[in-house]
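Okay, structure first, notes after.
The numbers here are math on the coordinates, done by the rules we state, and not lab data. Keep in mind that this is a model prediction, so the values were computed, not measured. Cβ coordinates were reconstructed from backbone atoms using ideal geometry, including for glycine residues, and neighbour counts include every protein chain displayed.
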Amino acid sequence: GEGHLDAARAAQALARLAPRSAVPVHYGTYWPIGMDAVRPHEFHAPGDEFVRHAALRAPGVAVHRLGHGESVRLEVAR
């Protein structure tokens, strides 16, 4: 809805911000527990779409799409 970004708009914002790395984390926040097993395409698709759009719009940004429980350690520029 208004004020929220879908995968394409989030990738457009990523291109404007031009960070070194990005981790999509907000998609699926309000998805009912257990529904990812019933309708996985609706739960996981936004993250996959963001990765695809980001590769086109911001190819210089390393996108880390993490699975449940995964983490990534990013180096901080000094």
Response to the item:
The answer for the net charge of residues other than PRO24 whose Cβ lies under 12 angstrom from its Cβ, with Lys and Arg +1 and Asp and Glu -1, is -1
Discussion item. So if each residue of separation counts as 0.36 nm, and I subtract the Cα-Cα distance between ALA8 and VAL76, what length gain in nm does that give?
Written reply: 21.8 nm
Worksheet item: Once you put a point 7 Å from the Cα of ARG16 and another 7 Å from the Cα of ASP48, both along the Cβ direction, what distance in nm separates them?
Response: 2.8 nm
Fill in: Net charge over other residues, Cβ less than 11 angstrom from the Cβ of ARG57 (K, R count +1; D, E count -1)
+3
